[in-house]
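Right, one structure below, let's go through it.
What follows is calculated from the coordinates using simple rules that are stated; it is not laboratory data. Please read these numbers as outputs of a predicted model, since none were measured by experiment. When we count neighbours, we look across all protein chains shown, and the Cβ atoms used for this are built from the backbone with ideal geometry, even at glycine.
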Amino acid sequence: MKNTRQREEKPGYMENNYFNEKTKGKMEKTFPIILGISFIVIIIAATIAISKAQGKESASALLLSGKEEDGKEKTAGSEYDKQILGVIKEINQENNSITLLDVNKKADVVVNYNSGTVIYDKYQQAIVLEQLKLGEMVDAYYNSDNFTLAKLQISNQAWEYKNAGKWSIDTINKIFTIVDNKYKYDRNIIILSNDTFLKPDDLNEKDLLTIKGFNREVCSIQVTKGHGTITFEEYEDFMGGIMYVGNDAILPITEDMVVTVREGQYDVTLENGKLTGTKTARVKRNENVLLNMGEFKKPAVKSGLVSFEIIPEGALLYIDDEIQAYDKPIKLEYGEHIVKVELDGYETYENTIIVDEASKTITIELEVPLDDLNGSNGDNSNGDGSDGDSFNGNNSNQTNGNQNTDAENPKDYAANSKGGKQTSDQVIYVLEPEGASVYMDGALKGMAPVSFPKITGNHYITLLKDGYETKTYTIEATEDGEDLYFSFPEMLKSGK
């Protein structure tokens with residue numbers, strides 16, 4: 001019985017072995033097929049990965065080229081087939097659009113952004129729209145069909161000068177110079193000051209600029225520090241002095257002056273002799289600061305009236321090198337003044353006077369040179385051969401109202417020139433030389449041709465004209481009821 005059971009179990013055992021052998025045979029046959037399929041899948045996956053990598057490399061090359069090219073890439077769910085290097089002119093958040101100036105085509109392009117648009121700085125770090133500024137140079141990737149912006153990146157192709165102060169602009173030839181480097185610019189150049197568009201002529205040499213461009217062309221200028229002006233009022237006492245504007249400028253003080261400076265704060269100092277005044281000016285962009293200097297005044301100047309009695313009459317009086325009429329008191333400031341008196345045939349008087357009271361009288365008597373006194377004949381009161389010229393004003397002795405007589409010594413008229421009285425209706429005419437200033441007995445009468453009341457007696461007529469030798473004549477006016485006419489010889493130029 002025992003053996004029988006063993007034999008019964010053997011058929012079952014044999015069947016299991018058969019099944020295992022059969023399954024094993026099938027697996028051995030299908031394994032190469034599975035292995036082949038897996039290998040094919042791996043090859044396909046590798047091909048796709050390589051294609052994607054090549055696509056990214058193409059996109060990167062497109063970014064760096066700066067040229068418009070066709071191509072497609074999905075970025076954050078948006079496709080693009082155009083890329084330009086542009087300058088941001090406007091960001092409109094109401095309609096989600098950005099206006100760009102295409103640097104290559106010199107034309108505006110309006111693109112639309114959405115939630116799928118990605119924005120990067122030039123280091124490919126994500127930024128938000130609010131971080132973009134007008135005038136920024138960017139690489140823009142968009143769909144040419146609907147102008148949807150897929151990607152916007154601050155361009156790493158553009159160059160930039162920050163806070164440039166040493167620059168100049170040639171608006172005729174459209175050349176922009178930075179330090180010693182010259183660049184061209186186009187009429188479409190974007191120039192901004194606080195998001196306000198400017199023209200090239202609006203720039204001032206005081207401005208600090210951030211300048212951006214591509215290759216040898218300036219594309220965008222941002223005024224980072226602009227300019228303003230300083231004007232003044234009540235600064236008459238400083239006229240002719242010097243002004244210091246911080247460490248920025250040293251300028252002469254003139255009438256109605258306007259000073260242009262870079263925006264900022266300055267200590268402005270005005271100086272004229274011992275008078276000094278300083279004010280602080282806070283200059284804002286495109287604004288004027290008015291400084292009132294009225295609190296700085298020179299001390300009140302005292303003055304006095306000085307009367308001059310000069311013997312003989314007819315001499316010329318100079319005070320501080322300026323000729324003065326002395327027929328009435330002269331107003332002079334307190335202090336020292338240089339006085340000079342000249343008359344042909346007499347020693348020139350020169351001295352310093354001090355004005356220190358409200359009024360005073362100064363008497364000056366000219367002296368005759370010793371040579372003239374020693375050489376004169378005491379029995380001849382009229383003298384001979386003097387340097388002065390004499391004109392006889394008596395109408396009966398004139399030809400056509402003008403008669404030149406022999407010269408006489410001016411000292412012989414000293415006593416007589418004080419006499420005389422003014423006639424009621426008669427006048428003295430001095431007709432020539434035209435343009436000469438006419439003095440009678442030291443008093444200015446006007447510029448020839450001129451007329452003035454006739455006073456009887458002997459008088460000195462002095463002619464003065466810039467660039468010509470001063471000349472003095474003696475005349476005689478008698479009470480004959482006639483006007484007197486004089487035409488003196490042409491004056492000689494100085495140095496002749």
Extension gain from Thr278 to Ile175, taking 0.36 nm per residue of separation minus the Cα-Cα distance
33.0 nm
Per 10 Å bin, what percent of the C-alpha pairs of the stretch 203-357 does each bin hold, from zero upward?
9, 25, 18, 16, 14, 9, 5, 3, 1
Entries in Lys328/Lys465; Lys279/Lys302; Lys184/Lys206; Lys133/Lys206; Lys162/Lys206 that, when Cα-Cα distance is taken, lie over 18 Å
Lys328/Lys465; Lys279/Lys302; Lys184/Lys206; Lys133/Lys206
From phi via Karplus (6.51, -1.76, 1.60), per-residue ³J(HN,Hα) for the stretch 273-286 in Hz, x at Gly/Pro
x, 8, 8, 9, x, 10, 9, 9, 10, 9, 8, 9, 4, 6
Between rounded, prolate and oblate, where does the stretch 73-154 land on the alpha carbon gyration tensor, with a ≥ b ≥ c its root eigenvalues, rounded for a/c under 1.5, else prolate if a/b exceeds b/c?
rounded
Considering the options Ile253, Ile230, Asn292, tell which one lies farthest towards the positive end of the dipole of the stretch 227-292, charges being +1 on Lys and Arg and -1 on Asp and Glu at the Cβ, about the Cα centre.
Ile230
Using the Cα centre of the stretch 283-370 as the reference point, and only Cβ charges (+1 on K/R, -1 on D/E), how large is the resulting charge dipole? Debye, rounded to the nearest 20.
940
Quickly work out the Ile42-to-Asp201 label distance, labels modelled 7 Å from Cα along the C-beta direction, and quote it in nm with one decimal.
7.5
Taking amide hydrogens as modeled 1.01 Å from N in the peptide plane, which residues meet the under 5 Å criterion relative to Tyr120, leaving out close sequence neighbours?
Ile127, Leu152, Gln153, Ile154
Dipole of the stretch 175-244, Cα-centred, from +1 at each Lys and Arg C-beta and -1 at each Asp and Glu C-beta, to the nearest 20 debye?
720
Taking the Cα centre as origin and putting +1 on Lys and Arg beta-carbons and -1 on Asp and Glu beta-carbons, what dipole magnitude results for the stretch 227-292, to the nearest 20 debye?
340
What ³J(HN,Hα) values, in whole Hz, does the Karplus curve 6.51 cos²θ - 1.76 cosθ + 1.60 give for the stretch 427-440 when θ = phi - 60°, with x put for Gly and Pro?
10, 10, 10, 10, 8, 9, x, 4, x, 7, 6, 10, 10, 10
